[in-house]
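Below you'll find the structure, written out as structure tokens, and then a few comments.
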């Protein structure tokens, strides 16, 4: 008869803040990226390749992607929290999301530092 | 017939200001209390009070309870009981400060104390000039107060029965009150709520008039129940017409508007209150201002196409003051009068507002039956009760004070009385509940009859026409005849909806059965009182008659019988205020 | 005027239906509530809540042409015909326009809606500067009509866990009151991914509030305080 709600997980704020901080990082990166593109001497493949060979560019992009993954994780989880009620399904979806994000992460590193 | 019974220490009927204040007292004393309300507590009509609650805190200027007491006695046109008035005015500061401690969001002065504004009839030094005595939360004092009291009750874990309507008192052969029958609106179930103490805080019945500031729920349920159970109703001829209801809509515009510096104009732009009340002008007591307005309109100086209303001017206060102190008024004027008071005056007319009479009680909330004998187990407080502190006319802000003071004292009295009771509770009479069930059965079985809305409309029309601001002998006699006819028609009302779940048609039919008792008592009492006093103004007896009529009317439903009892002129500790001519 | 009204009586109907009413209005009928009262005169089986008829009691909240509002302060002249009236969305319907508000009030009660101050009360009032009092403006005026919470998708999806805009507005009303001593407990009570952080600031609540209040802003201030005490 009585359904007691359990609450007080005490992590809402951390995620909410992370969502906003990562958003700021992504905005800054996006602006810089556009500026970099415009500053390319020529729009051709060698210039493009030269741009990506700088380590700062690679680390900045990696930071951007990590922020994107955190942002996506929180956002996706928010959607699941709203619409998916059964706990088992929720956990499954969370696991799939985490696995996917790790896979994307590995793939990104491969692209950035691969040949 | 079998009817379920639930047992409590105390049952409070009504969860407005006085009900909540009383309930708080009971809940904090750890009694088992049931608080019944037709609506969720914060929807009770206390929520609509605007201007303030009076207490001689003296935050703005020197003040004391003697002056407040004098103003209240004078305002009552010497019909108020001076012992009860002294009790109320002395308690005022205590209950207002208490409310502040509960969290009431009063406006503040620069020194951090509660903000106070002037109000009609409140003066310094026994009538010298208007005084700032009304403690206010902008123009939402009632709203702030009701929510604060509800919140405090949440804290005290008061048990509420929300959307339950009490239907009848249960009394035993000795006349002791043993509880009420009640209807759970959501399910249609009827039950007896048995209790050692039954406290009515059911509010007023302003809905007997067609032009009223009152909410739909103000149907005098407590008065109807009391009258049907053989308990008299006191001073029912005295109804306050608030000077400033929005013309046509009836919505209240607080006297605080005039307290903040607004004033009334006739169609010639004349500030006519200077003629009627030279000292305090627009801040005279409400009966005086309402009569002055009605006179201006009657004599052809009303504004509007048909000269049907008076103008309330406040644009000179400036948008800043209006937005800070009277934001709700601006909202109401824009919505209901189609005018922005920052620029234009608000069209207003005197509108039925408050019931000075009610169930007779002493200052401890104990209900008094015939011959002033205490009815065991029965208590009342707030607008449904007549202590009598308001006499023939209530001062603005004294109603919220009444709720706090007498809600609390009634609660305290119940706690005290229940402490003394140790034995088993008296048994319910065998036929307890039968009367209620028969009333419901009539409604359920009726296959034809008159619509409740039609009979109700006729009642309101008769009251408005025959028992308004000005009363005339022939019209009152005619009114008595007509209202008796309406009462007769009430016995054959009919509702189409017979279902159980949230049947609001049934509720309205039952409410009308309460309203008609109030209307009857009002008309009969008014016809009988051959004088003019406070809100009761007769053309054939234009003056107050202290020799013959300084007495309270007691109306009994049984045969529309009237009794009278003397006004208590002797205060508790101070010298009495001798009746004298009332000039403002 | 033409009205299309949601009707459902569990005693007599197997499922809800929409019913048309054509009502001859009088010149004195200005607000939607006047029309509903007129409809009820003709058909007393139609059920809705109402009381003060001036927008302060919060009884007659309903969904009017797709938007939540109070019938008593919604002008007929501003409404497009047929006027479609439904109960507040997201709450269980008891009958016609009457919804079960238990969940809504449960959330309101969950934020401890009362000033807590355990210091011995002074003989006089507790002092509060006009500026401190000003902080309560835009908060204490709430009439608990539920227009906001029932227009909030987050409240629709998680009414049992998300406090909702009305409850959060009141939560901030007590956080902002300088007389209250339990600000930290109040913040603890809200620091939860559901109770507070289901609010994604879509501002439906602000759009519908009949009293012109801004729950989103209050929620923002709660979040600011949480950040301040963490960072």
Angle in degrees between helix B:327-336 and the longest Cα principal axis of chain B, rounded to the nearest 10: 80 degrees
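FRET efficiency for residue B:448 and residue B:305, Cβ-Cβ distance as r, R0 = 56 Å, nearest 0.05? Present the calculation step by step, with values, prior to reporting the outcome.
On the way: r = 42 Å, r/R0 = 0.76.
The value I calculate is 0.85.
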For the modelled label position 7 Å from the Cα of residue B:578 along Cα-to-Cβ, which residues of segment B:522-564 have backbone nitrogen atoms closer than 20 Å? B:544-551
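Would segment B:244-291 count as rounded, prolate or oblate if I go by the C-alpha gyration tensor, calling it rounded below 1.5 in a/c and otherwise prolate when a/b exceeds b/c, oblate otherwise?
On the way: a/c = 1.68, a/b = 1.35, b/c = 1.24.
Prolate, because a/c is 1.5 or more and a/b exceeds b/c.
Can you give the extra length, in nm with one decimal, that the chain gains between residue C:80 and residue C:29 once fully stretched, where that is 0.36 nm per residue apart less the Cα-Cα distance?
Numbers: separation 51, 0.36 × 51 = 18.36 nm, distance 1.60 nm.
Value of the extension gain: 16.8 nm.
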Descending Cα extents along the principal axes, chain C, whole Å: 58, 37, 29
Contact order normalised by length for chain B, with contacts defined as Cα pairs under 8 Å and 6 or more residues apart; what percent is it? 22 percent
Using 7 Å Cα-to-Cβ label points, what is the residue A:53/residue A:98 separation (nm, one decimal)? 4.0 nm
Once you put a point 7 Å from the Cα of residue B:434 and another 7 Å from the Cα of residue B:32, both along the Cβ direction, what distance in nm separates them? 2.8 nm
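What average count of beta carbons from other chains do you get within 10 Å of the Cβ of residues in B:494-504?
Working: counts 1, 2, 3, 9, 3, 8, 4, 10, 10, 6, 11.
Mean shielding count: 6.
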Just order C:138-149, C:215-226, B:9-20, A:52-63 by mean Cβ neighbour count inside 10 Å, highest at the front, would you? B:9-20, C:138-149, C:215-226, A:52-63
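Report relative contact order for segment B:150-212 in percent, whole number only (criteria: Cα-Cα under 8 Å, sequence separation at least 6). Spell out each step's value before the answer.
Working: 68 pairs, mean separation 13.7, N = 63.
After rounding, I find 22 percent.
Fully extended, how many nm does the chain gain between residue B:530 and residue B:125 (0.36 nm per residue separation, minus their Cα-Cα distance)?
Numbers: separation 405, 0.36 × 405 = 145.80 nm, distance 3.29 nm.
Gain in length upon complete extension: 142.5 nm.
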For labels at residue C:116 and residue B:319 in the simple 7 Å Cα→Cβ model, what's the distance in nm? 4.2 nm
Segment A:12-113: radius of gyration and largest Cα-Cα distance (Dmax), Å: 17.0, 55
Let a ≥ b ≥ c be the square roots of the eigenvalues of the Cα gyration tensor of segment B:341-441; is it rounded (a/c under 1.5), or, if not, prolate (a/b larger than b/c) or oblate? prolate
Reduced Cα scattering model of segment B:181-259, Debye log10 I(q)/I(0), q = 0.13, 0.15, 0.24 Å⁻¹: -0.59, -0.74, -1.23
Please report, to two decimal places, log10 I(q)/I(0) for segment B:99-170 at q = 0.20, 0.21, 0.24 Å⁻¹ as given by the Debye formula with identical point scatterers on the Cα atoms and no solvent. -0.90, -0.94, -1.06
Helix-derived mean residue ellipticity, 222 nm - over chain B, DSSP H n ≥ 4, -39500 (n - 2.57), to 500: -11000 deg cm²/dmol
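Give the Kirkwood hydrodynamic radius (Å, one decimal) of segment C:11-110, defined as one over the mean of 1/r across all pairs of different Cα atoms. Don't skip to the answer; put the middle values down first.
Values: mean 1/r = 0.0690 Å⁻¹.
When all Cα pairs of segment C:11-110 are included, the Kirkwood radius is 14.5 Å.
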How far is helix C:164-175 tilted off the main Cα axis of chain C, in degrees rounded to 10, range 0 to 90? 30 degrees
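If you take the beta carbon distance between residue A:112 and residue C:102 as r and set R0 to 45 Å, what does 1/(1 + (r/R0)^6) give as a FRET efficiency, to the nearest 0.05?
On the way: r = 55 Å, r/R0 = 1.22.
Calculated transfer efficiency: 0.25.
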Taking chain A and dividing mean pair separation by its residue count, relative contact order in percent (alpha carbons under 8 Å, at least six apart): 32 percent
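Kindly identify segment B:3-61 as rounded, prolate or oblate by the Cα gyration tensor criterion: order the square roots of the eigenvalues as a ≥ b ≥ c, call it rounded if a/c is under 1.5, otherwise compare a/b with b/c, prolate if a/b is larger, else oblate. Mind showing how you got there, number by number?
Values: a/c = 4.89, a/b = 1.89, b/c = 2.58.
Oblate is the answer for segment B:3-61, as a/c is 1.5 or above yet b/c matches or exceeds a/b.
If you take each beta carbon of peptide C:104-112 and count the beta carbons of other chains within 10 angstrom, what is the mean?
2
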List, largest first, the extents of the alpha carbons of chain B along their principal axes, each in whole Å. 66, 51, 48
Residues of segment B:174-196 with amide nitrogen under 17 Å from the 7 Å Cα-to-Cβ point of residue B:159? B:179-184, B:191-196
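What average count of beta carbons from other chains do you get within 10 Å of the Cβ of residues in C:153-164? Can you show the working numbers first?
Numbers: counts 1, 3, 0, 1, 5, 5, 0, 3, 4, 3, 1, 0.
Averaged over the peptide's residues, the number is 2.
Using the per-residue mean of other Cβ atoms lying within 10 Å as a proxy for protection, in what order, highest first, do the peptides B:420-430, B:468-478 fall?
On the way: B:420-430: 10.1, B:468-478: 16.6.
Sorting B:420-430, B:468-478 by mean packing, highest first, produces B:468-478, B:420-430.
For residue C:183 and residue C:41, compute 0.36 nm times the residue count separating them, minus their Cα-Cα distance, and round to one decimal in nm. Display every interim value, and only then the final one.
Details: separation 142, 0.36 × 142 = 51.12 nm, distance 5.00 nm.
Gain on stretching residue C:183 to residue C:41: 46.1 nm.
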Tail beyond 21 Å, pair distance distribution of segment B:1-114 (Cα, percent): 55 percent
For chain C, built as a Gaussian network whose Cα springs stay under 10 Å, the top-fluctuating residue of C:12, C:45, C:182: C:12
Compactness of the protein assembly as shown, expressed as Rg and Dmax over alpha-carbon positions, Å: 30.6, 114
Could the peptides A:20-26, C:86-92 be put in order, highest first, of the mean number of other beta-carbon atoms found within 10 Å of their residues? C:86-92, A:20-26
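The numbers here are math on the coordinates, done by the rules we state, and not lab data. What you see is a predicted model, and the numbers here were worked out from it, not measured in a lab. Every residue, glycine as well, gets a Cβ built from its backbone with ideal geometry; the counts of neighbours run over all protein chains shown.
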